[in-house]
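K.L.:
What follows is a single structure, and I will ask about it in a moment.
The values are calculated or read from the model by the stated rules, or taken from the named source; none is laboratory data. No experiment lies behind these values; they were computed from the predicted model shown. Neighbour counts run over all protein chains shown; Cβ positions are idealised from the backbone, glycine included.
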Amino acid sequence: MITPFFWMTEPSVLNQKQNHKEFINPDDIPWTEWLMPGTYFKLLFCDIANGAFTIIMKVDPGTTASVHWHLGSAQAYILEGNFYYDKDDVGNTKNCYTCEIGGAVHQPYSPDGCIMLAFSQGPIAGYHEGKMVLVADAQLHFDLAKQNNAIKNATVVGYTHLPQKDEA
């Protein structure tokens, strides 16, 4: 019988915590203006190394997003209000989940405004007049939140340098 080797036989909880809080109250994070007029975000998690980020996004009533392309999948849960992909959509999307798969190109809108919890697994490319004008990656979200003094409660993961045998 083969016995699996578990590489983490004595995990250190202290090392996993690093310097971030285990639980944060999003009310303690100020809203940061996002990339389109009428949109704001609170950065909860940012992994600069792999590009993933988690935000709470607020969209003002009547806001139509710019056409954009998801390079990685994005998931959202609508906490308040409504959010649509097609002008012919009707109904209530509050308490609904959506997944925008990697490669999706769309222009959502929110006639009444909304607040959503969004998990992005990669950058978003923004377009204007048919040309790509911006790539919104984890680093950009970190930089915007930092300029607004809104990262002290966020969990931020960056690149880690592991010493080689020669350096140790």
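K.L.:
Checking the structure you have, find out if any residue of the stretch 86-105 is out of contact with any strand residue (DSSP E or B) (no Cβ under 9 Å at 6 or more places or on another chain) and of a type in the set (Lys, Arg).
P.N.:
Within the stretch 86-105, none of the residues are out of contact with any strand residue (DSSP E or B) (no Cβ under 9 Å at 6 or more places or on another chain) and of a type in the set (Lys, Arg).
K.L.:
With respect to Lys94, is the statement that it is of a type in the set (Lys, Arg), within 16 Å of Gly38 (Cβ to Cβ) and without any contact (Cβ under 8 Å) to a residue 60 or more places away in the chain true?
P.N.:
For Lys94, the condition - of a type in the set (Lys, Arg), within 16 Å of Gly38 (Cβ to Cβ) and without any contact (Cβ under 8 Å) to a residue 60 or more places away in the chain - is not met.
K.L.:
If you don't mind, there's one more thing I want to ask. Just give me the residues in the stretch 70-99 being buried (at least 17 other Cβ atoms within 10 Å of the Cβ) and of a type outside the set (Phe, Trp, Tyr), in sequence order.
P.N.:
Those that are buried (at least 17 other Cβ atoms within 10 Å of the Cβ) and of a type outside the set (Phe, Trp, Tyr): His70, Leu71, Gly72, Ala74, Ala76, Ile78, Gly81, Asn82, Thr93.
K.L.:
A follow-up question, please. Given the conditions (1) more than 16 Å from the chain's Cα centre (by Cα); (2) of a type outside the set (A, V, I, L, M, F, W, C); (3) part of a strand (DSSP E or B), and given that Thr98 satisfies all but one, which numbered condition is not satisfied?
P.N.:
If we test Thr98 against (1) more than 16 Å from the chain's Cα centre (by Cα); (2) of a type outside the set (A, V, I, L, M, F, W, C); (3) part of a strand (DSSP E or B), just (1) comes out false.
K.L.:
May I ask you to verify whether Tyr77 is free of Cβ contacts under 8 Å to residues at least 24 places away in the same chain and closer than 21 Å to Pro26 by Cα?
P.N.:
no
K.L.:
So, of the residues in the stretch 126-157 that are among the small types (Gly, Ala, Ser), more than 20 Å from Leu71 (Cβ to Cβ) and part of a loop (DSSP other than H, G, I, E, B), which turns out to be modelled with the lowest pLDDT?
P.N.:
Per the criteria, the residue is Ala154.
K.L.:
If you scan the stretch 101-125, which residues turn out to be in a loop (DSSP other than H, G, I, E, B), over 13 Å from the mean Cα position of the chain (by Cα) and at pLDDT 95 or above?
P.N.:
Gly113
K.L.:
Would you point out which residue out of Gly122, Gly113, Gly102 is surrounded by 15 or more Cβ atoms within 10 Å (Cβ to Cβ), touching a residue at least 12 places away in the same chain (Cβ under 8 Å) and more than 14 Å from Ala65 (Cβ to Cβ)?
P.N.:
None of the other options fit; the residue is Gly122.
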